[in-house]
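Student: Attaching a single structure in structure tokens format; questions to follow.
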Amino acid sequence: MASEIYEQALAAFRSGNAALALAVCDRILSLDRSDADILLLSATILEQGGEKRKAAMLYAEAAGKATARRKDIAFRAASLFEELGERPLAFQVLHALQPDLPDDPDLLQSLCGLAREMGDYGLARDAALKLATTAADFDACLSAGIILNGLGLFEEAFATLARAHAERPDERLALSEYFWAAANVCDLETSAALQARLEAAYTQEGDAADIRENAFRALMWTGDEALLARYARRTADVMLPPVAPAVGFDTQVEGKDPEIIRVGYVSCDFYDHATMSLLAGVLEAHDRDRFEIFAFCHTPASRREDAMHERMLDTVDYYIDILNLTDAEAAETIRSLGIDVLVDLKGFTQGSRLGIFCRRAAPIQLTWLGYPGSVTGAGIQFAITDHIVTPDTSIPYYQEKLLRLPGSYQCNDAARERVSRAGDRADHGLPQDAIVFAAFNHPAKIRLPVFESWMHILSAVENAVLWLYPMGALAQANLRAAAAKSGISPERLIFADLALPGNHLRRLPQADLALDTGPCNGHTTTSDALWAGVPVLSFKGTSFAGRVSESLLNAVGLRELVADNLAGFETMAIEVAGDPARLTDLHDRLVAARDTAPLFDTEELTRQVEALYQSVVTASRLGE
């Protein structure tokens, strides 16, 4: 009987009577929704009538019941959902095909593309891993590589992106992604060659440069502030919504003391993360007679169980969970609470919620601590920096007005454990009597010229080893091969194990000296070493990210450890390593600096930051 009614509906549709056909289908579906053909016919009629969402829902339902053409039907549903801007539903209907089509290249590539467009790369992890091993063409290789890069699976990304680049060496996105993978697996020569190609192209293209990387990645390899500013503008154009007009609004809400300034910190790093290891002391030191402190938290639920998250909860006056709010909802929530100063702690780093700032959630919006550069295009008016990381020559490259602290921009937590060398070096795989140079910066910061300088130092200091950041097998193999090529025994490179921040801090005193990177320095890495009593040797940079170590060393009274260039850096490292008395003196000065240096004076820095908050609030209220 149902088949006869279906034939009636089909005949009506073919004769041009879509209304009758749809009515017949609706009657059948009100009684039984198991027939894929009825669902498919209804969806077709609705799509032709312009009711695309209803059509997409029915196509998706039909795909779940069809035995033939299931892939085609699901892709039609996904296409409509994507056209409607409902990518999660598009992903959901295609993901349901995976058990039956685990190796289908169209499906795997579409899942990767949708996850990328949604900004949730983890959704396509399995699809990307499968696609990386089965990809047969450029588009498939690139789709898989982009997802794997975004998830930090650089070893898996490297080979598939190499294939994509080989097929189309002039395609800029493939070049940029391959470059990022090469940098993260420490294929130094490949990375240097790709960097040279990008730099040459950007020079030739000027302001019209075809930039395909986000701004954060660029910090790792260039200190050119003009180029970094272009990267920031391009990232904002791609990632962010338009910035709302700058309109003043009253933050005086019910229950708020008009004499109190409400400060909101926005982050997903309210857990045992580098940002919180710096900021925790400031949150505790804020003057509660003058300020109320709000934490607007979008930290993943899985990371809210550690001691640092609990410390934050115990410290702030108000904790607002915005993880499951849209940017528009979060912005409205922030406005409703009368926040005077909203502080971005992420910038253009992964997991940021700059869309909240684009919506002007507070009259004063500033960026601090999380991103060493301009956060342009997000409605942020101010950036907290200092005179070393952003000298006057940097001002043209910042959309924000610079609020420069008298010491270092970086806060530190003076309540951290006062670590000292304890235990046996052998427990960390280190030789007992060697000079241990530590280099715990991220692998992507290790550029070929810097690594060559490290090897020159090891060549001159024969009893030295280089203690490095935990890395994957491919990165370790690449660096050991590069060392051997430089005439250095690969065994002199010792890779640390992964460790929680507290355990890492406790092992740092086993090092004698720390060697910096550039054009992107160590940031928390440098201040951790200084707190642990380990002198850090650096060299002058040409951007915020490349001047951080100089700022930190200046704030502990050791700016003398900043060389003018890499040649001077090598000479200084060799001389200091060969001078036990100077090593001891530097260590003792750093231990004393915990109680005397501006870098570790959390109370004073908090007062300085509060003075900046007060000044911009006062100016705003006066209409300046």
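Student: Out of the range 377-409, which residues are surrounded by fewer than 23 Cβ atoms within 10 Å (Cβ to Cβ), among the polar types (S, T, N, Q) and touching a Lys or Arg at 6+ places or on another chain (Cβ under 8 Å)?
Tutor: Of everything in the range 377-409, just one residue is surrounded by fewer than 23 Cβ atoms within 10 Å (Cβ to Cβ), among the polar types (S, T, N, Q) and touching a Lys or Arg at 6+ places or on another chain (Cβ under 8 Å), namely Gln381.
Student: Identify all residues within the range 245-268 that are open to solvent by 10 Å² or more (accessible area, probe 1.4 Å) and at pLDDT 95 or above; write none if there are none.
Tutor: The answer is Ile260, Arg262, Cys268.
Student: Going through the range 179-217 one residue at a time, which ones are of a type outside the set (Gly, Ala, Ser), under 21 Å from the mean Cα position of the chain (by Cα) and closer than 21 Å to Val450 by Cβ?
Tutor: Passing the criteria: Phe179, Trp180, Asn184, Val185, Cys186, Gln195, Glu213, Phe216, Arg217.
Student: Continuing with the same structure: Got a number for residues in the range 277-312 being at pLDDT 95 or above, open to solvent by less than 60 Å² (accessible area, probe 1.4 Å) and in contact with a Lys or Arg (Cβ under 9 Å, 6 or more places away or on another chain)?
Tutor: 13
Student: Within the range 327-342, does at least one residue satisfy the condition of being open to solvent by 20 Å² or more (accessible area, probe 1.4 Å) and closer than 23 Å to Pro391 by Cα?
Tutor: Checked the range 327-342: no residue is open to solvent by 20 Å² or more (accessible area, probe 1.4 Å) and closer than 23 Å to Pro391 by Cα.
Student: Go through (1) in contact (Cβ under 8 Å) with a residue 60 or more places away in the chain; (2) open to solvent by less than 10 Å² (accessible area, probe 1.4 Å) and name the single condition Arg233 misses.
Tutor: The single condition Arg233 does not satisfy is (2).
Student: Moving on to the next point. Any idea how many residues of the range 242-268 are closer than 19 Å to Leu345 by Cα and not basic (Lys, Arg)?
Tutor: Total meeting the criteria: 8.
So that you can scan it fast, the table gives a plain yes or no per residue for (1) buried (at least 16 other Cβ atoms within 10 Å of the Cβ); (2) modelled with pLDDT of 85 or more; (3) assigned to a helix (DSSP H, G or I):
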site: Ser3; (1), (2), (3): no, no, yes
site: Ala12; (1), (2), (3): yes, no, yes
site: Leu46; (1), (2), (3): yes, yes, yes
site: Glu61; (1), (2), (3): yes, yes, yes
site: Thr67; (1), (2), (3): no, no, no
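Student: Since Gln92 meets every condition but one in (1) open to solvent by 50 Å² or more (accessible area, probe 1.4 Å); (2) at pLDDT 95 or above; (3) of a type in the set (S, T, N, Q); (4) under 20 Å from Tyr178 (Cα atoms), which condition does it not meet?
Tutor: Of (1) open to solvent by 50 Å² or more (accessible area, probe 1.4 Å); (2) at pLDDT 95 or above; (3) of a type in the set (S, T, N, Q); (4) under 20 Å from Tyr178 (Cα atoms), only one is false for Gln92: (4).
Student: If I filter the range 75-96 for residues that are closer than 17 Å to Ala140 by Cα, over 26 Å from the mean Cα position of the chain (by Cα) and assigned to a loop (DSSP other than H, G, I, E, B), do I get at least one hit?
Tutor: Looking through the range 75-96, none of the residues is closer than 17 Å to Ala140 by Cα, over 26 Å from the mean Cα position of the chain (by Cα) and assigned to a loop (DSSP other than H, G, I, E, B).
Student: Looking at Ser79, is it closer than 30 Å to Tyr121 by Cα, surrounded by fewer than 19 Cβ atoms within 10 Å (Cβ to Cβ) and among the hydroxyl-bearing types (Ser, Thr, Tyr)?
Tutor: The answer is yes for Ser79.
Student: Output the qualifying pairs, or none if there are none: Cβ atoms under 6 angstrom, residues six or more apart or on different chains, first residue in the range 543-556 and open to solvent by 10 Å² or more (accessible area, probe 1.4 Å), second residue in a helix (DSSP H, G or I).
Tutor: Val556/Leu530; Val556/Ala593; Val556/Leu599
Student: Go through the range 485-511 and give me each residue that's closer than 25 Å to Pro598 by Cβ and either of a type in the set (Asp, Glu) or not in a helix (DSSP H, G or I) (or both).
Tutor: Ala511 - this is the single residue of the range 485-511 that is closer than 25 Å to Pro598 by Cβ and either of a type in the set (Asp, Glu) or not in a helix (DSSP H, G or I) (or both).
Student: I'm checking my understanding of the structure. Among residues of the range 14-27 that are out of contact with any Phe, Trp or Tyr (no Cβ under 9 Å at 6 or more places or on another chain) and of a type outside the set (Ser, Thr, Tyr), which one is modelled with the lowest pLDDT?
Tutor: Ala18
Student: Quick test of your reading of the structure: Ala23 fulfils all but one of (1) without any contact (Cβ under 8 Å) to a residue 24 or more places away in the chain; (2) in a helix (DSSP H, G or I); (3) open to solvent by 70 Å² or more (accessible area, probe 1.4 Å). Name the failing condition by number.
Tutor: Condition (3) is where Ala23 drops out.
Student: Would a scan of the range 601-621 turn up a residue that is touching a helix residue (DSSP H, G or I) at 6+ places or on another chain (Cβ under 6 Å), open to solvent by less than 30 Å² (accessible area, probe 1.4 Å), more than 29 Å from Asp250 (Cα to Cα) and not basic (Lys, Arg)?
Tutor: Within the range 601-621 (the criterion being touching a helix residue (DSSP H, G or I) at 6+ places or on another chain (Cβ under 6 Å), open to solvent by less than 30 Å² (accessible area, probe 1.4 Å), more than 29 Å from Asp250 (Cα to Cα) and not basic (Lys, Arg)), the answer is yes, since at least one residue qualifies.
Student: Taking the conditions exactly as written (among the basic types (Lys, Arg), open to solvent by 60 Å² or more (accessible area, probe 1.4 Å), farther than 30 Å from Gln195 by Cβ and part of a helix (DSSP H, G or I)), does Arg480 satisfy them or not?
Tutor: So Arg480 does not fit the description; no.
Student: Please work out which one of (1) within 23 Å of the chain's Cα centre (by Cα); (2) more than 30 Å from Pro396 (Cβ to Cβ) is the condition Arg335 fails and give its number.
Tutor: (1)
Student: Could you please let me know if Ile38 is hydrophobic (A, V, I, L, M, F, W, C) and under 27 Å from Ala90 (Cβ atoms)?
Tutor: yes
Student: Moving on to the next point. Could we say that Arg33 is part of a helix (DSSP H, G or I) and open to solvent by 90 Å² or more (accessible area, probe 1.4 Å) here?
Tutor: Judged against the criteria, Arg33 is not a match.
Student: Look at the range 562-580 and say how many of its residues are open to solvent by 50 Å² or more (accessible area, probe 1.4 Å) and of a type outside the set (Asp, Glu).
Tutor: 6
The values are calculated or read from the model by the stated rules, or taken from the named source; none is laboratory data. Because the structure is predicted, anything quoted here is derived from the model rather than measured. Neighbour counts run over all protein chains shown; Cβ positions are idealised from the backbone, glycine included. When the accessible area is computed, the model is the full protein with side chains, heavy atoms only, and any ligands, DNA or RNA have been set aside. Shrake-Rupley method; radii C 1.70, N 1.55, O 1.52, S 1.80 Å.
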